[in-house]
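Let me begin by presenting the structure, written as structure tokens, before commenting on it.
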Amino acid sequence: MQRSAMRELAFKLVYEIEIQKDSEEDQFEIFIENNEITDEKVIEYLKDIKNGIKENTEAINSLIVKNLKDNWSLNRISKINLSLIKLAIYEMVYKNLPYKVAINEVVELAKKYADESAPIFINGILASVVKEKNLNGATNEN
């Protein structure tokens, strides 16, 4: 499976976790089963995304809030946009995925799944995160 397709599945998983209040482990197993995922590489990638975002939720949310404009709060961001932003931040900051790849892929997913203003909104927040975390070539601080 291509990395872009895996990332799209990861977005869907993060989104489901955002909107459901059930156990994340139960949701994960149901997600794997419902999407008929049998490739161990894909399952491990999805586990890493789920666990990584969960373990770093406070730091990721803090980064998002610090880079919001006009007194926005996390509650005001749609669950789709929030899921995409969290996915990109996790991969850029914690997995050292090149920021251009992470941003481009979630912006493309936003075009497919979110409203028409989402790509610009998401791109703006992630560009601010890149500047703040100095991810454009200098040392990558976690």
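What follows is calculated from the coordinates using simple rules that are stated; it is not laboratory data. Predicted model only: the values in this text are computed from it and were never measured. When we count neighbours, we look across all protein chains shown, and the Cβ atoms used for this are built from the backbone with ideal geometry, even at glycine.
Applying a DSSP loop filter and a limit of 14 other Cβ atoms within 10 Å to the GluC sites (Glu not before Pro) in the stretch 39-142 leaves 116, 141. Loop-resident trypsin sites (Lys or Arg not before Pro) (DSSP state other than H, G, I, E or B) in the stretch 52-142 with no more than 10 further Cβ atoms inside 10 Å of their Cβ: 69. Looking at the stretch 1-43, the trypsin sites (Lys or Arg not before Pro) that sit in a DSSP loop and have at most 15 other Cβ atoms within 10 Å of their own Cβ are 21. Local charge for residue 34 was computed over the other residues whose Cβ lies under 13 Å away, with Lys and Arg +1 and Asp and Glu -1, and equals -4. Applying 1/(1 + (r/R0)^6) with R0 = 25 Å to the Cβ-Cβ distance of residue 113 and residue 71 gives a FRET efficiency near 0.45.
Using the structure shown, list the pairs from 112/133; 50/131; 47/100; 86/131 with a Cα-Cα distance above 19 Å, or answer none. The pairs that break the limit, which is 19 Å between Cα atoms, are 112/133; 50/131; 47/100.
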